[in-house]
Structure formats: structure tokens, C-alpha cells
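Remarks on the structure that follows.
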Amino acid sequence: MHDHAQDAHQWRDPKRYLWLLALAVPTLPFQAGGLAAVTGIGAMWWWGPVFAFVLLPLIDQVSGKDGENPPEAVMRRLEADRYYRWCTYLYLPLQFGALIWACDRWASGALSVTEALGLAATTGVVAGVAINTAHELGHKRERLERHLSRLALAQTGYGHFYVEHNHGHHIRVATPEDPASSRMGESFWRFLPRAVLGSARSAWRLESRRLERRGRRAWGRHNDVLTAWALTVALFAGLSWAFGLTVLPYLLLQAVAGFCLLESVNYLEHYGLLRQRRPDGRYERVAPRHSWNSNHVVSNLFLFQLQRHSDHHANPLRRYQTLRHFDEAPQLPSGYATMIVVAWFPALWRRIMDPRLVAHVSGDLSKANLHARTTPTTTANAARTGSC
């Protein structure tokens with residue numbers, strides 16, 4: 001008889017130290033500066049986007065997938081291991097160290113406009129992945145982690161994400177009411193303004209209701225949305241005071257790049273997926289089939305396993321190292337780094353993803369979350385012919 005308890009005792013996380021790769025992301029501005037200095041090539045200041053959207057997708061294809069799950073018997077021990085928490089905590093000092101260093105470079109006058117824009121784009125990649133780190137921290141019960149989450153969001157001015165994601169998106173995911181769930185036939189460029197404005201409005205409504213229940217005013221220091229935005233204002237004002245107003249345009253550019261990167265991820269995570277209504281009119285419970293997953297190992301390491309998104313929605317408090325793969329979850333053809341770039345080209349995105357969505361719902365597009373201008377008949381025909 002096989003001794004599963006002994007196997008669990010002997011099991012060791014094969015990725016334990018590979019999670020530290022995520023800490024390479026906040027060092028991208030330093031890497032860009034070093035490469036520019038060594039090579040003398042000013043274009044190296046654009047290293048962040050090249051790394052994220054060219055090099056990482058190539059590495060993902062070479063490294064392949066990993067669909068293994070930790071044994072159930074080790075889950076509690078793995079969750080309690082504080083080493084994994086420190087991997088996320090350490091992102092923040094590197095993140096803000098890189099931001100301060102970038103401000104020093106922008107203020108120095110040593111960079112051309114093109115090089116300074118490249119550094120802003122590179123810093124924006126750091127800021128975008130910082131939202132993912134904040135996402136991991138913000139779901140936890142410990143007060144320290146929640147405070148760190150809000151701090152990580154300050155760089156992008158997206159502090160309202162803390163409220164909307166936890167209390168809005170996780171309730172309405174894969175429904176037409178969710179601004180962060182994209183619809184079949186909706187291009188990324190249509191989704192982006194809807195998601196940005198919709199999430200901000202939703203966060204304000206949610207926070208106003210919370211305060212109203214407690215007998216407090218929406219416009220006050222207890223409003224988590226206002227205090228989050230105030231943190232961004234204080235951060236940008238402090239950096240502008242320390243380095244001069246010349247850094248402010250670049251701070252704004254890197255913030256926009258950061259939250260656009262987040263919304264690119266949101267676009268692909270639930271594209272066209274729809275929870276069905278129950279007889280009582282409520283939506284069915286969130287299941288693995290309501291999130292697109294990817295097991296591409298390298299991008300999962302850099303994103304604290306965000307790509308195992310189905311288990312995250314089923315168990316929001318579960319830490320990244322214990323997230324599981326589900327066979328029933330629809331699978332993306334590649335990792336997030338690749339699919340983000342694909343999403344920016346709507347015709348290519350639909351050619352790749354619409355047939356997968358049609359197959360996932362067994363051809364019944366009444367079970368898909370459709371864009372208002374998309375009809376089930378025309379979309380199904382296009383998906384079958386590959387002309388989406």
C-alpha cells in the first residue's frame with residue numbers, strides 16, 4: 001500500500017527559489033541603465049517592454065508548461081511558510097528604489113527625450129507588475145499585507161483597485177455587470193476605457209455604500225478610495241519636489257503604462273466567459289470554467305502564479321504558491337506575456353481566441369458573455385471559418 005503521508009512529508013516545492021525570479025522585474029530600470037552604459041545604445045532604455053513582450057514570450061515557449069499541483073497533504077504547511085510572503089514583500093523596496101532612481105535619471109538631463117520615454121515605459125512595466133504584487137497582498141487577512149498592497153498601488157494611481165477588485169470584481173466576475181470582464185467580440189481598445197472608468201466608478205460606489213452603512217460621509221479620511229488617491233498625490237508631489245517638476249510628465253506616463261498593463265491582463269483573464277443565471281435570478285457560483293488559465297511556467301514565476309486564475313477566484317485567500325490547475329478550466333494558448341501582445345491586435349486576438357471560446361461553450365453562444373454589437377450567429381460562423 002502506497003504511503004501518501006510519507007510522500008507529503010518528503011515533498012519539496014521544486015519552484016521554491018525560482019519564485020525569486022519575480023524580483024528581477026523591479027530591477028528592469030537598473031538593467032536598462034546598465035545595458036545602455038555598457039553598449040552605448042540609447043534604445044536600451046526601452047529594455048522593459050523588450051523583456052516583457054519579446055524575450056519573456058520566447059522563454060515561455062521554450063520552457064513549456066507545468067500543470068502539477070502540490071499534494072493536498074502539504075497545502076497547510078506550504079501556506080504557512082513565511083518565505084513565500086517575503087518574496088512578495090521584497091518587491092516593494094525594489095519597486096520604489098527603481099522609481100526614485102528613474103526620477104534621478106529624468107532630472108539629470110543626461111537622457112534624450114526618446115531615452116527618457118524608454119525609461120518611462122520600462123518603469124511602467126515595473127508599475128504594472130506591482131499591481132499584480134498588490135493583488136496578491138491585498139487578498140490576505142494580515143493588516144501588514146493589506147497596507148503593503150495599497151502602497152504598491154500608489155505608483156500607478158490605481159489605489160481604487162484595492163476596493164473594486166476585492167469587493168466588486170470577485171462578486172461580479174464573468175458577468176455583463178463586471179467592468180473587468182471582457183466580452184466576446186469586444187476589442188481590447190473598446191474594453192480599456194470601459195474598464196478604467198468602470199472600475200473607478202464601481203470602487204467609489206462600493207466605498208460610499210460601506211461608509212453609509214457605518215454612518216460616515218463618503219468625503220472623508222475613512223474613504224479607502226480617497227486615501228489611496230491621496231497617497232499617489234503625495235508620492236508624486238514628493239518626487240516632484242525632490243527632483244523638480246521635469247519628472248512629473250514621466251511619472252504620469254509610467255502610471256498610465258502600468259494600469260494599461262493591468263487592464264491588458266484583465267482583458268484576457270475572462271474573455272467571453274459567462275456565469276449562468278439560476279432559477280432565483282442570481283448568478284451561479286464562480287467555477288474554474290469562468291477564468292482562462294495558463295500553465296506556462298516562466299510567466300507564472302514572474303507573476304506569482306496569477307495565471308492559475310481559476311483557483312484564485314474559487315479561493316481568493318489562497319496564497320500563490322498553493323494555487324492549483326484544473327482540467328476543466330479553459331486554457332490560453334500561451335502565457336500572459338504573449339497573450340497581452342496578441343490582445344493589442346483585435347483581428348489576431350479574435351482569430352485565436354473566438355474558436356477556443358466557441359469550443360469551450362460547446363457552440364452555444366447563449367452561454368458566452370457577448371459584446372452588444374456581436375450576434376451569436378455571425379460570431380459562431382466567423383469562429384468556425386477562422387475569419388474572426
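The values are calculated or read from the model by the stated rules, or taken from the named source; none is laboratory data. Quick caveat: nothing in here was measured; it's all calculated off a predicted structure. Quick reminder, even Gly has a Cβ in these numbers, built from the backbone with ideal geometry, and neighbours come from all protein chains shown.
Looking across segment 83-113, the residues that are among the polar types (S, T, N, Q) and buried (at least 20 other Cβ atoms within 10 Å of the Cβ) come down to Thr88, Gln95. For segment 111-129, does any single residue satisfy the condition of being without any contact (Cβ under 8 Å) to a residue 24 or more places away in the chain, more than 14 Å from the chain's Cα centre (by Cα), part of a helix (DSSP H, G or I) and under 27 Å from Gln307 (Cβ atoms)? No, segment 111-129 contains no residue that is without any contact (Cβ under 8 Å) to a residue 24 or more places away in the chain, more than 14 Å from the chain's Cα centre (by Cα), part of a helix (DSSP H, G or I) and under 27 Å from Gln307 (Cβ atoms). Condition test on Thr227, is it among the hydroxyl-bearing types (Ser, Thr, Tyr), more than 28 Å from the chain's Cα centre (by Cα) and not in a loop (DSSP other than H, G, I, E, B)? No; evaluated as a whole, the condition is false for this residue. Looking at Glu212, is it over 30 Å from Pro249 (Cβ atoms) and assigned to a helix (DSSP H, G or I)? So Glu212 passes the test. If you check Ser182 against the conditions, is it hydroxyl-bearing (Ser, Thr, Tyr), crowded, with 18+ Cβ neighbours inside 10 Å, in contact (Cβ under 8 Å) with a residue 24 or more places away in the chain and more than 27 Å from Phe345 (Cβ to Cβ)? The answer is no for Ser182. Within segment 17-33, does at least one residue satisfy the condition of being surrounded by 14 or more Cβ atoms within 10 Å (Cβ to Cβ), without any contact (Cβ under 8 Å) to a residue 24 or more places away in the chain and of a type outside the set (S, T, N, Q)? No, segment 17-33 contains no residue that is surrounded by 14 or more Cβ atoms within 10 Å (Cβ to Cβ), without any contact (Cβ under 8 Å) to a residue 24 or more places away in the chain and of a type outside the set (S, T, N, Q). Consider segment 357-373 and keep the residues that are within 16 Å of Thr175 (Cα to Cα) and outside any helix (DSSP H, G or I). The one that is modelled with the lowest pLDDT is Ala372.
Filtered by the rule that a residue be closer than 17 Å to Pro57 by Cα and either modelled with pLDDT under 90 or in contact with a strand residue (DSSP E or B) (Cβ under 6 Å, 6 or more places away or on another chain) (or both), segment 274-306 gives Asn293, Asn295, His296. Just one of (1) surrounded by fewer than 17 Cβ atoms within 10 Å (Cβ to Cβ); (2) farther than 12 Å from Ala337 by Cβ fails for Leu58. It is (2). For segment 1-87, the helices (runs of 4 or more DSSP H) that sit wholly inside it and include 3 or more residues that are at pLDDT below 95 and either within 23 Å of Leu332 (Cβ to Cβ) or touching a His at 6+ places or on another chain (Cβ under 9 Å) (or both) are 56-63. Filtered by the rule that a residue be over 18 Å from Leu192 (Cβ atoms) and in a helix (DSSP H, G or I), segment 332-349 gives Ala337, Thr338. Among the residues of segment 197-208, the ones that are surrounded by fewer than 18 Cβ atoms within 10 Å (Cβ to Cβ) and either closer than 17 Å to Val265 by Cβ or in contact with a strand residue (DSSP E or B) (Cβ under 7 Å, 6 or more places away or on another chain) (or both) come to 1 in all. The residue that is nearest to Gly97 (Cα to Cα), counting only those in segment 9-36 that are under 24 Å from the mean Cα position of the chain (by Cα) and of a type in the set (S, T, N, Q), is Thr27.
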